[in-house]
Structures are given as C-alpha cells and as structure tokens.
Amino acid sequence: MEALSNKTLEKLKYDLVRDNIVSYETIEKAQELAAAQNINLGQVLINLGVIKEEALLKFLESKLHIPYVNLDDYSLDTKCLELISFNDAQKYKIIPLFKIEDVLTVAMADPLDLFAIEKILEKVDFEIEPVISSENSVMKKIEEYYKTEHTVGQIYIDETQPKFDWRDEIHNENLSEEHIQKIIRSILKQAILENVHELFFEHGANGLGVNFKKNGEVIQKGFVPDLLVSPFIMRLKFLSNLDPQVSEIPQLGKLSFKVDDLSLIASVSAFPIIQGERIAIKIYKPPQRLENLQLDTQKRALLKDAFNVPGIILVSGANLSGKTHFIYSLLSEVGDSAKNVMTIESITKYDLPNVNQCELNENIGFNLDKAMRFIEFQSPDVIYFEGIATREGLDYFSSLVFKNKVLITEFLANNFDDLRKKLAYPEFAMFKSLLSCLVFMHSQDSIEIFDKEALEKYL
C-alpha cells in the first residue's frame, strides 16, 4: 500500500520546529508513525495531541499565504460539482467551492499537491485557486454533496474475487517491520470487511491467536506464528503509541489506520496475564450527522429539546450496539451551537469540531476523579462522561444538573427490561430522577428515544 503524505507539511515541517511549535524529536517520531500507520504527518501530530487541527491549519495559512476556510457551515455552489468528479474529489481530497469568471476556487487538504492540481486542470479550462481546509471537513463535504452510490464510509467487496484472508500475508517468517505492518493492516482490514469492531490477541500453543468477537461470539481467525509474535506485539504497541518495552502493567493507546478509503480509530488495550500480554482492540467508525442516522423528525426534536434544559441524557444499549458512535454524532450536533461542550474520555475516538475533548492519562495521575473535580472551573454547558464506576462519581455527576449542566453518559444494558432492573437499585434513585432523555440503542438501525414524561411511564 502506498504511504500517504501531505506535500504541504513535508515542505513546512521544519518550520514547525523553527517556530518552537514542535520539537525536532517529535517531528522525527511523527514521521515514523505516519509511515507505519499509512496516514499523513499532520494527522499524526494531531492524534498525538502535539497541536490542534485548527492551529495547524492557521500555521499553514500564515506560511503559505493561502486562505484557510472552515467548511463546517459552508454552503458551496452545487453547480461546480460537475467540474470535479467524485473519484477525483476523494482521491485528491479536494472539493470545488465556487467559480467566478474563469477562476475555480477549491478547498484542499494539501494545497501544495501540484500533481492533484495539474490533474484537475487537465479536465477543466479554468484557473484553479486553492484554499486550505481540514482533511476531515473536505471528506465530509464530499460525502454530503456528491449524490452517488459511493460514500466515504463504505467498503465495497468484489464478490468475484476470492474471500479476503489476512493469513495470506504470512508468506514466510519475514521479521521486517514492513512485513509485520502488512500483517497488522490485513487483520484490521478483515475485521472491517466482516463488520467486526472488537478483536483480541491471546497466546496459545500455536502462536498468538487472532480472535474476532461478533454478536457475543468469539471466532478464531488463525495464529501469528511463534517467531513473529514478539515483533508483532512490539510493532502493534509502537503504532498505538504504547511503550513496547513495558509488559508488566496495563497500557491503553490509540491506533489510527486506513482500510481502503476509510480512516478509522481504534483503542488498543494491553493487559498483563501469566501467559503474556493479552491485547484487545475496539474499532470506532467515524461519526455521522444525526440526520444521516435512523431518526425521524420527532426523535431529533426530542434530542434538541433535551439540550435546552438541565438534565441527564442517557444513551443505553448492549455491548457494540453503537452507543459511542451515537454519542459522537450527538456531540457533533451540539458542538455547532454556542454552548461550551466538554468531554472526559479514556480515549478520544475522533476530533470533534467545537468540542473540548479531554483524554485521561493515568500515567501522570490525571484520572477521572481529578478531571471531575476540576472541570467545573471551565464553565461547561454540556459534559460527556464516558462512564461512572463509583458511587461517589455517580453522585457528583448527578449533582451537576443542579448547577444547570446538561450531562451525557452511556450505560450498558442488554435490553429495556435489563435497564429497568439496573436503574431500580437505590443507588440510582437520584440519577434516575434527573434523566431528561433516554436513547436506547437496539442497534444502529433501531433507536428509541424517550423524553422525561415517557420515562416516568416506562421506568
């Protein structure tokens, strides 16, 4: 697979060092991660938390004297879409905005990609004037505006080809980093093709077992041979920004990767057991806008009303029902408002525009307890807590409603009866009384939403 690059950043990366924005060592590490994960340098710097996306784009704007345009609320001229094909738009991460006389203004994630501009110029008789936009926002606009059967978030399987099997990558016991990375990518690709979002690796008699978990069932998908186990684990941990030399304590990291044209984030958990480390991966697909989910007008109205009054919005469902995906879509929606929206998460899955996301770091003592004690000083209007594990945390979380906050959290329940039984425990009495909205995820295609009045009847 050809490594992805951003020509703009490749040219200006050392300007980041000279301007004391990023250290030289960080640039070197980011370049290695970019090559390994097959994503561009800028995305790695953002994922590492070294620089915010908007700050990076503003930096490029100042260096290139090319305007930066925020596409989030931008309405482009749809008549210009026919000037750049869907395939070219996706391939070069470019979208037309408007045309004035003989000048076509386009938003590009990589405005110094002269090859892309030349390819577009071959097909139009206009001068091209680029502006800078984030890669995510360009791809979202492509998905939103191009009316085609192809969408950014889908992988199409050619049924005429043999079934994909990651084990085909194990041609030999090659220990090179490139070969190990191909094996890792192939496993992740097969998981996506089979619609699997949770997988784990366990030591066994035949090597490192590759296991997919789907609908509560664990499916054995082969073994990484013994000779490759150590380099496989070390490379996977390195790509996830974990310490490959540490195996005695739990670690939690984040992996960015691409499967065909789909950019994905996964959490990677390494946990010590007597047989050796067990590694679990959860894959999170990019959030969609609420209007693209299976929600009618009435359901969206209930959600909108819930953000206008203090209370708790609870998103519940079984494991892998899509709770986190839905919450990210919800946060994206409210992030477009004038509210101060904040999150406290073990791992941030995707960067959300206009949402202040906080990632816990147990290594430096920044845990949930400390985050809860200090977040009020930021004057948030809406807070998303990933989960509450203690009675004290639950009481504190609930008390924020009395300070005019809107709280969002998630709760594991296999079905509605299971949820009803769990919330019947005395410990949940105050929490339950403060619920303003319940979203129950039967699946991503079956979502029920209850307002406070309905909850009093059903709970």
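The values are calculated or read from the model by the stated rules, or taken from the named source; none is laboratory data. Everything quoted here is computed from the prediction, not taken from an experiment. Cβ atoms come from the backbone with ideal geometry, glycine included; neighbour counts cover every protein chain shown.
Considering each residue of the stretch 319-341 in turn, none proves to be among the β-branched types (Val, Ile, Thr) and in contact with a Lys or Arg (Cβ under 6 Å, 6 or more places away or on another chain). At least 1 residues being at pLDDT below 70 is the threshold, and among the helices (runs of 4 or more DSSP H) wholly inside the stretch 1-52 those reaching it are 7-18, 24-37.
Quickly run through the stretch 279-296 and pick out the residues that are surrounded by 13 or more Cβ atoms within 10 Å (Cβ to Cβ) and in a loop (DSSP other than H, G, I, E, B). Correct list: Lys285, Pro286, Pro287, Gln288, Arg289, Leu293, Leu295.
Let's see how each residue does on (1) in contact (Cβ under 8 Å) with a residue 24 or more places away in the chain; (2) closer than 23 Å to Ser134 by Cα; (3) buried (at least 16 other Cβ atoms within 10 Å of the Cβ); (4) of a type in the set (D, E, K, R):
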site	(1), (2), (3), (4)
Leu303	yes, no, yes, no
Val309	yes, no, no, no
Ala318	yes, no, yes, no
Ser329	yes, yes, yes, no
Ala338	no, yes, no, no
Thr348	yes, yes, yes, no
Val355	yes, yes, yes, no
Asn363	no, no, no, no
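Considering the stretch 197-219, the residues that are surrounded by fewer than 20 Cβ atoms within 10 Å (Cβ to Cβ) and hydrophobic (A, V, I, L, M, F, W, C) include one that is nearest to Ala280 (Cα to Cα), namely Phe200. Restrict the check to the stretch 251-268 and report whether at least one residue is in contact with an Asp or Glu (Cβ under 8 Å, 6 or more places away or on another chain) and modelled with pLDDT under 90. No - not one qualifying residue is present in the stretch 251-268.
Filtered by the rule that a residue be outside any loop (DSSP other than H, G, I, E, B) and in contact with an Asp or Glu (Cβ under 8 Å, 6 or more places away or on another chain), the stretch 269-278 gives Ala270, Phe271, Pro272, Arg278. With a requirement of 3 or more residues that are touching a Phe, Trp or Tyr at 6+ places or on another chain (Cβ under 7 Å), the strands (runs of 3 or more DSSP E) lying completely within the stretch 179-263 that satisfy it span 207-214, 217-224.
For the stretch 40-97, a tally of residues being touching a residue at least 60 places away in the same chain (Cβ under 8 Å), in contact with a strand residue (DSSP E or B) (Cβ under 9 Å, 6 or more places away or on another chain) and among the hydrophobic types (A, V, I, L, M, F, W, C) returns 9. Counting only helices (runs of 4 or more DSSP H) that sit completely within the stretch 359-439, those holding 2 or more residues that are basic (Lys, Arg) correspond to 368-375, 416-423. For the stretch 109-138, which positions are part of a helix (DSSP H, G or I) and in contact (Cβ under 8 Å) with a residue 60 or more places away in the chain? Once the filter is applied, which keeps residues that are part of a helix (DSSP H, G or I) and in contact (Cβ under 8 Å) with a residue 60 or more places away in the chain, the stretch 109-138 yields Leu114, Glu135, Asn136, Ser137, Val138.
When restricted to residues that are surrounded by 16 or more Cβ atoms within 10 Å (Cβ to Cβ) and in a helix (DSSP H, G or I), the stretch 54-84 contains 9.
Any residue that is of a type in the set (Asp, Glu), buried (at least 18 other Cβ atoms within 10 Å of the Cβ) and more than 19 Å from Asp165 (Cα to Cα) - is there at least one of those in the stretch 258-278? Yes, the stretch 258-278 contains a residue that is of a type in the set (Asp, Glu), buried (at least 18 other Cβ atoms within 10 Å of the Cβ) and more than 19 Å from Asp165 (Cα to Cα). Of all the listed residues (Glu333, Glu376), the sole one being assigned by TED's automatic domain parsing to the domain that holds Leu438, within 23 Å of the chain's Cα centre (by Cα) and surrounded by fewer than 20 Cβ atoms within 10 Å (Cβ to Cβ) is Glu333. Selection of first residues in the stretch 394-423 that are small (Gly, Ala, Ser) and of second residues that are assigned to a helix (DSSP H, G or I) and buried (at least 20 other Cβ atoms within 10 Å of the Cβ), restricted to Cβ pairs under 8 Å at least 6 apart or on distinct chains, gives the following pairs, ordered by first then second residue: Ser398/Phe431; Ala413/Leu419. The single residue among Lys304, Lys349, Lys299, Lys339 that is within 29 Å of Pro250 (Cα to Cα) and either among the basic types (Lys, Arg) or part of a helix (DSSP H, G or I) (or both) turns out to be Lys349.
State whether the residues of the stretch 90-98 include one that is surrounded by fewer than 18 Cβ atoms within 10 Å (Cβ to Cβ), at pLDDT 85 or above and assigned by TED's automatic domain parsing to the domain that holds Ile128. Within the stretch 90-98, one or more residues are surrounded by fewer than 18 Cβ atoms within 10 Å (Cβ to Cβ), at pLDDT 85 or above and assigned by TED's automatic domain parsing to the domain that holds Ile128.
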